[in-house]
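Presented below is the structure to which this report refers.
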Amino acid sequence: MANARIIKRRVNSVQNIAKITNAMQLVSASKTKYSQKMAINSLPYMQSLLDSLETVANFIDPKLHPFLNKNRSGDDLMIVLSTNKGLCGSLNTNLFKQLLIWVKDRPNAQFIAVGQKAVNFLRTRGFNLVAQFTDWPEKTKLIDVLPLLDLLTKKYLSGEIGRVDVLFTDFVNVLKQRSLIFNLLPLNDSNIQELELKYENKLNKSNDQTTKVKPRANYLLEPSSSELLDFLLNYYLELSFYHLVLESLASEHSARMIAMKSASDNAKDLVEVLKLDFNKSRQTMITNELLDISSAKMR
């Protein structure tokens, strides 16, 4: 009898857990939809910005701007975009595997952590953590990332760091996310073309009818081309990093939704197993009582 009671308690506990995980799945599904929409809506604007940037760059020597200077001294810096909370499957684990590969050839690298999971990992490993950001809202806006970019720009322009990479989770689809490293600074043709190709592919997948505007041959630039290039490069830095943050948020909520769905399904399967054990226990108990009654009558 005691065994049946224990099994009954376990059934109730697992059913309550299933209700919680199912609710978390629905919440994550809603957040995934919002984050994905925000990331997709920023793509046409980013494409137009890249077109303007390429056009203005034709009127000035790229070596004159520090953001475009490839020959720089200073340490490498990695910005790690992780989650604040767990329950999102192997998302952070895959992220940190990429980080360990990257840091092998960079013993003096500096790190900026976004998310509590990245802070804990970097501190545990003893890496050079120069800044941490764990209080960004779930619906992160461009203004929320500006303090990080201000710190980054000061370090870069002072010559303290010579290269900036961003480790983030790219949102491929609801079922697939992948850890990627994107070279944020210095800017060059390869990473700009990588962004353009990435945006074009995602726009096509979202069935967006926006077409890329080709730059015209002749322009009159006001103010000077150097001032305009400086403005566009700073704006590009802000928007490109913000888009990586949106990709990471969409990946986080999607991974948590899948993890909670898997937990709910496993809980339902466990309930069925426990109910079967409960019924067997009851059958055994009833059989023993019938045997006792039969034995008493025979006496």
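The values are calculated or read from the model by the stated rules, or taken from the named source; none is laboratory data. Predicted model only: the values in this text are computed from it and were never measured. As a convention, Cβ positions derive from the backbone with ideal geometry for all residues, glycine included, and neighbour counts pool all protein chains shown. Heavy atoms of the whole protein, side chains included, go into the accessibility calculation; ligands, DNA and RNA do not. Shrake-Rupley method; radii C 1.70, N 1.55, O 1.52, S 1.80 Å.
Remarks
- Number of the exception - Gln283 against (1) among the polar types (S, T, N, Q); (2) buried (at least 18 other Cβ atoms within 10 Å of the Cβ); (3) at pLDDT below 85: (2)
- Cross-chain or 6+ apart pairs with Cβ under 7 Å, region 241-259 first and under 19 Å from Leu50 (Cα atoms), then surrounded by 24 or more Cβ atoms within 10 Å (Cβ to Cβ) and at pLDDT below 90: Leu246/Ser35; Glu247/Phe171
- Test: residue in region 65-72 that is touching a Gly at 6+ places or on another chain (Cβ under 7 Å), open to solvent by 20 Å² or more (accessible area, probe 1.4 Å), assigned to a loop (DSSP other than H, G, I, E, B) and of a type in the set (Lys, Arg): yes
- Complete set of residues in region 1-45 that are touching a Leu at 6+ places or on another chain (Cβ under 7 Å), open to solvent by less than 70 Å² (accessible area, probe 1.4 Å) and more than 30 Å from Val172 (Cβ to Cβ): Ile7, Val11, Val14
- Enumerated strands (runs of 3 or more DSSP E) restricted to region 74-141, each holding at least 1 residues that are under 22 Å from Gln177 (Cα atoms): 75-81, 110-114
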